[in-house]
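The values are calculated or read from the model by the stated rules, or taken from the named source; none is laboratory data. Since the model is a prediction, treat every value here as computed from it, not as a measurement. Virtual Cβ from ideal backbone geometry, glycine too; neighbours counted across all protein chains shown.
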Amino acid sequence: MQEFHVASIGAGSFGRHHARHLSQHPLVTTVTVVDSDAARAEALAEANGTRWTTDIASITPDAAVIAVPTEYHRAIAEPLIARGVSVFIEKPIAGTDADAAALVAAAERAGVVLQVGHIERFSTAFAALAAATRGVTHIAARRHNPPRPVPPVADVVLDLMIHDIDLALTLAGAMPTTVTAFAPDGGSESAVARLTFANGVTADLSASRLSPVVERVLTVHDRDGVWRADLAAGRLARTKDGTIAQDAEIAPRDNLFTELDEFVRAVKGGPQPTVTGRDGQAALAVAERIRSAIASTSFQLSA
């Protein structure tokens, strides 16, 4: 088999899963775990039978998967792209709109694959929902998680809500014309937002890291009724004329492996990724508008 070398950059909580999947991928011949912490990189590499290094410049991978804190995305990805390396970047694509635009432009100039890890696009329940809906008019997304022992550095909009921003943009097929948002705590742990699109679609998004239970639910109104996709439980139901017309369990799959497999195959000449750099850039742009709206509303309430 032809040599295909992937750098798995970041040996943290999510990077561990990337390294495991890449080490088991049938088309990947070599994996190098990269982390600034040598002990952590070595331990992860040993667990998965891969190489490791603390110096990304010392290796020449064909592709790289980047799972490090968001503020380092551009600094790590841009030099790799300049070297002709295709990159998969965990969501959000970058820390600022300017950084996202720079990465997209760099990848397009270099002619390399740039994929962003919006993993919910690979949910079988979402795929079934997206294929079934006709003439979407309203989207309601609810993504609530219990508190974590160590809270993420990113606020709830960039940590959780951005998943549903990406799904809403996919279902609406456009960017919103207006964005309003509010958060009782300033947007750190909970937030709600409304997106209005020029085609008449509206979307209400709710995200929280203060819930006693996990909820990942999309409710979509279209010309045929109301669809409800439970992304956590893998169920899709439809209500029409006030009665349940459909309720089915959707067989799950490993969403992370599926998106990484798509990335590997795209780099090797297959179809372009489902979630492109421009998709990641669009989701971040809307997230930034929501964060700005929250900051403005919070300031007005406290003034």
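Just for strands (runs of 3 or more DSSP E) wholly inside the range 1-107: which have at least 2 residues that are β-branched (Val, Ile, Thr)? Full working, then the answer.
Values: elements: 5-9, 30-34, 51-53, 63-66, 86-90.
Answer list for the range 1-107: 5-9, 30-34, 63-66, 86-90.
Conditions (1) buried (at least 18 other Cβ atoms within 10 Å of the Cβ); (2) in contact (Cβ under 8 Å) with a residue 60 or more places away in the chain; (3) closer than 29 Å to Ala172 by Cα; (4) under 21 Å from the mean Cα position of the chain (by Cα), marked per residue:
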{"residue": "Arg51", "(1), (2), (3), (4)": "no, no, no, no"}
{"residue": "Ala75", "(1), (2), (3), (4)": "no, no, no, yes"}
{"residue": "Ile81", "(1), (2), (3), (4)": "yes, no, no, yes"}
{"residue": "Lys91", "(1), (2), (3), (4)": "yes, yes, yes, yes"}
{"residue": "Ala94", "(1), (2), (3), (4)": "yes, yes, yes, yes"}
{"residue": "Ala98", "(1), (2), (3), (4)": "no, no, yes, yes"}
{"residue": "Ala106", "(1), (2), (3), (4)": "yes, no, yes, yes"}
{"residue": "Phe122", "(1), (2), (3), (4)": "yes, yes, yes, yes"}
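Could you list, in sequence order, the residues of the range 246-287 that are assigned to a helix (DSSP H, G or I) and of a type outside the set (A, V, I, L, M, F, W, C)? If you could, list the steps in order and put the result at the bottom.
Quick first cut of the range 246-287, residues assigned to a helix (DSSP H, G or I) only: 255-267, 277-287.
Matches in the range 246-287: Asn255, Thr258, Glu259, Asp261, Glu262, Arg265, Gly277, Arg278, Asp279, Gly280, Gln281.
Of everything in the range 246-271 that's among the charged types (D, E, K, R) and crowded, with 17+ Cβ neighbours inside 10 Å, which residue is nearest to Glu3 (Cα to Cα)?
Applying the first criterion (among the charged types (D, E, K, R)) to the range 246-271 yields 247, 249, 253-254, 259, 261-262, 265, 268.
Now drop any that are not crowded, with 17+ Cβ neighbours inside 10 Å, which leaves 259, 261-262.
Working: Glu259: 21, Asp261: 16, Glu262: 18 Å.
Looking at residues that are among the charged types (D, E, K, R) and crowded, with 17+ Cβ neighbours inside 10 Å, I get Asp261.
Just checking, does the range 210-230 include any residue being more than 24 Å from Ile66 (Cα to Cα), assigned to a loop (DSSP other than H, G, I, E, B) and of a type in the set (Ser, Thr, Tyr)? Walk me through it before giving the result.
Of the residues in the range 210-230, the ones more than 24 Å from Ile66 (Cα to Cα) are 210-230.
Next cut, assigned to a loop (DSSP other than H, G, I, E, B) only: 210-214, 223-224.
Still in the list and also of a type in the set (Ser, Thr, Tyr): 211.
There is at least one residue in the range 210-230 that is more than 24 Å from Ile66 (Cα to Cα), assigned to a loop (DSSP other than H, G, I, E, B) and of a type in the set (Ser, Thr, Tyr).
Okay, residues lined up against (1) assigned to a helix (DSSP H, G or I); (2) modelled with pLDDT of 95 or more; (3) charged (D, E, K, R); (4) assigned by TED's automatic domain parsing to the domain that holds Ile294:
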residue	(1), (2), (3), (4)
Val150	no, no, no, yes
Leu158	yes, yes, no, yes
Asp166	yes, yes, yes, yes
Arg194	no, yes, yes, yes
